[in-house]
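The values are calculated or read from the model by the stated rules, or taken from the named source; none is laboratory data. Note that the structure is predicted; figures quoted are calculated from it, not measured. Ideal geometry is used to build each Cβ from the backbone, glycine not excepted, and the neighbour counts take in all protein chains shown.
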Amino acid sequence: MINRRKFVKAAGLAAVSSTYVLDALAKSDSKKVNAKPIVISTWDFGQAANAAAWDVLKTGGRALDAVEKGVSVPEADPSNQSVGLGGFPDRDGRVTLDACIMDEHGNAGSVAALEHIVHPISVARMVMEKTPHVMLVGEGALQFALKNGFKKENLLTPESEKAWKEWLKTSKYEPVMNIENRKAAPKKLPGGKDNHDTIGMIALDANGNLSGACTTSGMAFKMHGRVGDSPIIGAGMFVDNEIGGAAATGVGEEVIKIVGSFLVVELMRQGRTPQQACQEAVERIAKRDPKKAKEVQIGFIALNKRGEYGAYCLQAGFTYAVKSNDEDIVLKGKNLF
């Protein structure tokens, strides 16, 4: 008969052994890099954003500065019609922008329904650093931006205005996402453009600190005043410097309903890899409304404190970009449907 001391010792060894095995299995589906720093962002246009972020990270710069600089690239690109300058307008022809940013200390700043400012991410950072608030919206956000030296500009480019006027012929509001596996050809917005929607970015710097940013012009031809998940801390983006960070893209209403990015980070806290956490969040959305989940696109990216990353989406078609000392790549996100 085994005595109590030997039993406890054996049980303890078994538990430790099981923990190592489970940990190894859990890590097996995550992408790994050899060293910090690393930056990950949504969509193929995230590669150019990552390059700008990398200019900060490679010299030992702060992750917060990297994500602000990185997402500023698509914000200023008029050919990107889902972020910043040249973004598709709302149904009234007004370009309204949403953005949020979060640092390694848990500080956060956000703007929503902001007009006339090319870089809402920089306004969001100023909200974080210069006010006692987290979010400013609409006219108040614009007033704050102008008082702090931002220039008022027309964000509606001729190409986006033309697409809006084409849309007005039917005025049919139907969110169109980048989805590859429709039975018919993927639907396009006027002008033949996919509504890719949103850039979310998470960076881990050489000091092991995390920060994140998210910025968008929102759904094309949305109702005026509509705000999605992108500027909402915990929905469109969330960072916990002890665990990791996550960002979302797609139909923001569905992300808000599960507080998606916060959920992904909390799942990583519970031991999931970034890949597993993203997948579980997507599956939760699909379980909540299976019919709707097959008609829209939602994707998550995640990066943990060890530099492991992952992504998952509802439909085929979502891509994400990664930049580190080892790689500079665009990957297809694994999908549920």
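Which of the residues belonging to the range 206-218 are touching a Gly at 6+ places or on another chain (Cβ under 8 Å), surrounded by fewer than 24 Cβ atoms within 10 Å (Cβ to Cβ) and not hydrophobic (A, V, I, L, M, F, W, C)? I'd like the intermediate steps shown before the answer.
Start the filter on the range 206-218 by keeping residues that are touching a Gly at 6+ places or on another chain (Cβ under 8 Å), which leaves 206-207, 210-218.
Still in the running and surrounded by fewer than 24 Cβ atoms within 10 Å (Cβ to Cβ): 206-207.
Across the range 206-218, the qualifying residue is only ASN207.
Do we have any residue at all in the range 218-229 that's closer than 26 Å to LYS36 by Cβ and either free of Cβ contacts under 8 Å to residues at least 40 places away in the same chain or not aliphatic (A, V, I, L, M) (or both)? Reasoning before the result, please.
As a first pass, look at the range 218-229 and keep what is closer than 26 Å to LYS36 by Cβ: none.
No, the range 218-229 has no match at all.
Residue by residue through the range 89-133, note down the ones that are of a type in the set (A, V, I, L, M, F, W, C) and either modelled with pLDDT under 95 or in a strand (DSSP E or B) (or both). Lay out the reasoning, then the answer.
The first filter runs over the range 89-133 and keeps only residues of a type in the set (A, V, I, L, M, F, W, C), leaving 95, 97, 99-102, 108, 111-114, 117-118, 121, 123-124, 126-128.
Those that are of a type in the set (A, V, I, L, M, F, W, C) and either modelled with pLDDT under 95 or in a strand (DSSP E or B) (or both): LEU97, ALA99, CYS100, ILE101, MET102, ALA108, VAL111, ALA112, ALA113, LEU114.
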Looking only at the range 35-54, how many residues end up being of a type outside the set (A, V, I, L, M), outside any loop (DSSP other than H, G, I, E, B) and more than 17 Å from GLY208 (Cα to Cα)?
5
Going through the range 265-277 one residue at a time, which ones are crowded, with 24+ Cβ neighbours inside 10 Å and touching a helix residue (DSSP H, G or I) at 6+ places or on another chain (Cβ under 6 Å)?
MET268, THR273, ALA277
Can you tell me which of (1) touching a residue at least 60 places away in the same chain (Cβ under 8 Å); (2) in contact with a His (Cβ under 8 Å, 6 or more places away or on another chain); (3) among the aromatic types (Phe, Trp, Tyr) is the one PHE150 doesn't meet?
(1)
Unique residue being within 19 Å of the chain's Cα centre (by Cα) and of a type in the set (Val, Ile, Thr) when the list is VAL137, VAL73
VAL73
The residue that is surrounded by the most Cβ atoms within 10 Å (Cβ to Cβ), considering only those in the range 38-73 that are within 19 Å of ALA124 (Cβ to Cβ) and in contact with a Gly (Cβ under 7 Å, 6 or more places away or on another chain), is VAL67
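It is to be established whether one or more residues within the range 144-156 are at pLDDT 95 or above, part of a strand (DSSP E or B), buried (at least 19 other Cβ atoms within 10 Å of the Cβ) and over 18 Å from the mean Cα position of the chain (by Cα). Reasoning before the result, please.
Step one: filter the range 144-156 for residues at pLDDT 95 or above, giving 144-156.
Subsequent filtering for residues that are part of a strand (DSSP E or B) retains none.
Checked against the condition, which is being at pLDDT 95 or above, part of a strand (DSSP E or B), buried (at least 19 other Cβ atoms within 10 Å of the Cβ) and over 18 Å from the mean Cα position of the chain (by Cα), the range 144-156 yields no hits at all.
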Write out, first by first residue and then by second, each pair whose Cβ atoms fall under 6 Å of each other, whose residues are 6+ apart or on separate chains, and whose first residue, in the range 296-313, is of a type in the set (Ser, Thr, Tyr) while the second is modelled with pLDDT under 95.
TYR309/LYS31
Consider GLN81 against the criteria (1) surrounded by 23 or more Cβ atoms within 10 Å (Cβ to Cβ); (2) assigned to a loop (DSSP other than H, G, I, E, B); (3) modelled with pLDDT of 95 or more: it satisfies all of them except one. Which criterion is unmet?
(3)
List every residue pair whose Cβ atoms lie under 6 Å apart, where the two residues are 6 or more positions apart in sequence or sit on different chains, the first residue falls within the range 244-260 and is surrounded by fewer than 24 Cβ atoms within 10 Å (Cβ to Cβ), and the second residue, located anywhere, is part of a helix (DSSP H, G or I) and not hydrophobic (A, V, I, L, M, F, W, C).
ILE258/ARG284
Name the residue that is farthest from VAL239 (Cα to Cα), counting only residues in the range 285-337 that are surrounded by 15 or more Cβ atoms within 10 Å (Cβ to Cβ) and among the acidic types (Asp, Glu).
GLU295
